[in-house]
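Asker: Okay, here's the structure, questions in a sec.
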Amino acid sequence: MNAPGELPVVCAGDGWVVIDKPAGLLSVPGIGPANQICVASYVQSLFPEATGPLIVHRLDMETSGLMVVALNSETHRKLSMAFEQRVIEKKYVGVVHGDVRGSGGVIELRHRVDLDNRPKQMIDPERGRLAITQWRVIGRNEAGADSDSVRTRLEFKLITGRTHQIRIACSAGQGLNAPLVGDSLYGVTGDESPRMLLHATSLIFTSPNNRQTVRTVSPPPF
């Protein structure tokens, strides 16, 4: 994992910075002294003049890729509003177990936290929050004779931003029924992948202070 001061900075603008988060790094501090190193603490070390809330959106610890971080409270407010209004475009690339049929589609599920099994989410058509995920197949690997070795590479575009949204869309029977490789919460038994194969590869947004369009790309490291 990167040491403070070495978190990859993709680009920076007026009041914000886009970083490339490695897998295994928390977005915000966790519980206990061992979990205080996170994107927020790294950005604060890189930009000591930063004030106010920093984290605008989060990536799961197991997910790598692009995050935009605010460097002052006003930029944080404007970027947070943009996420709420769904005008920020986020795309991910992931690899799942199995051979996903079809070329693409839209998955709409309602889920909420499983109170008896945190931090997992559970499908709840009545009380769950709506999660909308667009997906398309961008590659297949069917070289292995053993069906367990078949993998499908997918691109995801988030319409909403719910906890574990892509992970549930992949694993749920009402979704793709094809868990992400390396998913420790929703994955398959016996999966020995060293990391979850999900990466935030594209982030497009309007810089809130000069209204210029910012397009950032990070190729998947897998």
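Since every read-out is calculated from the coordinates, none of them should be taken as a lab result. Everything numeric here is computed off the predicted structure, so don't read it as measured data. Quick reminder, even Gly has a Cβ in these numbers, built from the backbone with ideal geometry, and neighbours come from all protein chains shown.
Asker: How high is the FRET efficiency from Thr213 to Ser80, r the C-beta distance, R0 30 Å, rounded to 0.05? Could the numbers behind the result be given before it?
Answerer: On the way: r = 19 Å, r/R0 = 0.62.
Between Thr213 and Ser80 the formula returns 0.95.
Asker: To the nearest 20 Debye, how big is the dipole of segment 9-85 about its Cα centre, given +1 on the beta carbon of each Lys and Arg and -1 on that of each Asp and Glu?
Answerer: Numbers: 4 positive and 7 negative charges, 15 e Å.
About 80 debye.
Asker: Report, to the nearest 10°, how far helix 73-84 tilts away from the longest principal axis of the Cα atoms in the chain, using its own Cα long axis and a range of 0 to 90°.
Answerer: That works out to roughly 30 degrees.
Asker: Okay, moving on. Evaluate the distance, in nm, between pseudo-label points positioned 7 Å from the Cα of Gln134 and of Val188 along their respective Cα→Cβ axes.
Answerer: Placing both labels 7 Å beyond Cα along the Cβ direction yields 2.9 nm.
Asker: Kindly count the pairs of lysines across the chain whose alpha carbons are less than 15 Å apart, treating pairs on different chains or eight or more residues apart as eligible. Each step should come with its number before you reach the end.
Answerer: Values: Lys21/Lys90; Lys21/Lys91; Lys90/Lys157; Lys91/Lys157.
So the count works out to 4.
Asker: Per residue of the chain, what 222 nm ellipticity follows from adding -39500 (n - 2.57) for every DSSP H run with n ≥ 4, rounded to the nearest 500? List each step's numbers first, then the result.
Answerer: Values: 3 runs with 27 residues, N = 222.
-3500 deg cm²/dmol, from helical runs alone.
Asker: Mind telling me which of Arg136, Arg77, Arg118 comes out most flexible in a GNM of the chain, alpha-carbon contacts under 10 Å?
Answerer: The residue with the greatest mean-square fluctuation here is Arg118.
Asker: Find the Rg to Rh ratio for segment 91-198, where Rh is the Kirkwood radius over alpha-carbon pairs and Rg uses the same atoms.
Answerer: Values: Rg = 13.5 Å, Rh = 14.1 Å.
Rg divided by Rh gives 0.96.
Asker: Roughly how many Å is it from the Cα centre of segment 154-179 to that of segment 189-215, as a whole number?
Answerer: First find each Cα centre; the distance between them is then 15 Å.
Asker: Report ³J(HN,Hα) in whole Hz for each residue of segment 172-180, in order, from the Karplus equation J = 6.51 cos²θ - 1.76 cosθ + 1.60 where θ = phi - 60°; Gly and Pro get x.
Answerer: Karplus-based 3J(HN,Hα) across segment 172-180 equals 5, x, 7, x, 7, 6, 8, x, 4 Hz.
Asker: Quick one: what do you get for segment 23-174 if you divide its Cα Rg by 2.2 N^0.38 Å? Walk me through the numbers on the way to the answer.
Answerer: Working: Rg = 17.7 Å, N = 152, 2.2 N^0.38 = 14.8 Å.
The reported ratio for this selection is 1.19.
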